[in-house]
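Bear in mind these aren't lab numbers, they're just calculated from the coordinates by the rules spelled out. The shown structure was predicted, so the numbers you read here are calculated from the model rather than taken from an experiment. Neighbour counts are summed over all protein chains in view; Cβ atoms, including those assigned to glycine, are modelled from backbone coordinates with ideal geometry.
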Amino acid sequence: MKKKIFIGLGIVLVAFVGYVGYGLLTTRSHSPLQKTDYSFKGLDISVSYCRPYKKGRVIFGTREDKALLPNGKYWRLGANDATEISFSKDINFAGKPVSAGRYRMYAVPNSTSWQVSLNSELGKFGFFEPDYTKDVLKVDLPTGTFPETEQFTITLGNDSTGVQMDLIWDKTMVRVPITAR
């Protein structure tokens with residue numbers, strides 16, 4: 001009798017481990033990892049994030065809208081792991097000074113602006129909110145409209161003032177100006 005119970009429990013355990021393992025192994029195919037590197041006038045920027053798809057969902061809005069990312073709630077700027085950004089030089093991030101280094105980047109979306117933050121807590125799975133006492137800065141940036149985009153994208157480009165980092169998903173874009181100090 002005990003042998004049958006142990007065999008049954010063993011089968012359940014193997015099935016559970018297989019299910020969890022399959023989910024972990026295939027999650028990157030649902031939201032693939034993207035690493036974007038950019039250089040401009042001696043400033044090197046690197047962003048590492050996972051790119052979720054819209055898949056017909058309401059992305060930004062209210063809880064009543066059943067938005068995936070409700071207004072006023074933490075978002076890791078991607079999926080899976082926390083989004084990380086690094087700077088080779090001291091910079092101004094949306095006008096605020098930041099030392100060279102590597103940071104966790106996240107946002108709190110709202111309907112007309114996003115609060116984008118850099119945080120010194122690294123190496124955490126993105127689902128878990130950061131230790132807010134380790135925030136290096138918070139900036140409020142206006143949202144803009146953009147042609148509907150299926151997959152979350154972070155782009156880096158430049159103009160005469162410096163680097164422009166665009167956070168784009170659904171019909172929303174937020175631009176972060178970055179300049180070397």
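Worth pointing out:
- Scanning residues 5 or more positions from residue 58 or on other chains, those with amide H under 5 Å from its amide H are 68, with H placed 1.01 Å from N in the peptide plane.
- Angle in degrees between helix 2-30 and the longest Cα principal axis of the chain, rounded to the nearest 10: 20 degrees
- Charge dipole of the chain (Cα centre as origin; +1 on each Lys and Arg Cβ, -1 on each Asp and Glu Cβ, all else neutral): 760 debye, rounded to the nearest 20.
- Considering only 162, 92, 58, and ranking their Cα positions along the charge dipole of the chain that arises from unit charges at the beta-carbon of Lys, Arg, Asp and Glu, the one farthest toward the positive end is 58.
- Working note: 222 nm ellipticity from helices only, DSSP H runs with n ≥ 4, each -39,500 (n - 2.57), summed and divided by the residues of the chain, gives -6000 deg cm²/dmol to the nearest 500.
- In order through the range 51-58: 3J(HN,Hα) via Karplus (6.51 cos²θ - 1.76 cosθ + 1.60), integer Hz, x for Gly, Pro: 9, x, 9, 5, 6, x, 7, 7
- For the chain: relative contact order, % (alpha-carbon pairs under 8 angstrom, 6 or more apart): 17 percent
- Whichever lysines have a C-alpha closer than 23 Å to that of residue 89, once near sequence neighbours (fewer than 8 apart) are set aside: 35, 41, 134, 138
- Over 31 Å (Cα to Cα) - which of 2/124; 55/124; 55/96; 66/96 fall in this group: 2/124; 55/96; 66/96
- Taking θ as phi - 60° and the Karplus parameters 6.51, -1.76 and 1.60, the scalar couplings of the range 120-132 work out to 7, 7, 10, x, 9, 5, x, 4, 7, 5, x, 6, 5 Hz in sequence order, x denoting glycine and proline.
- Using θ = phi - 60° and Karplus 6.51 cos²θ - 1.76 cosθ + 1.60, couplings along the range 63-77 (whole Hz; Gly, Pro as x): 5, 4, 6, 6, 5, 4, 10, x, 3, x, 10, 3, 9, 7, 6
- Calculated SAXS-style log₁₀ I(q)/I(0) at q = 0.08, 0.15, 0.17 Å⁻¹ - the chain, Debye, Cα scatterers: -0.31, -0.88, -1.09
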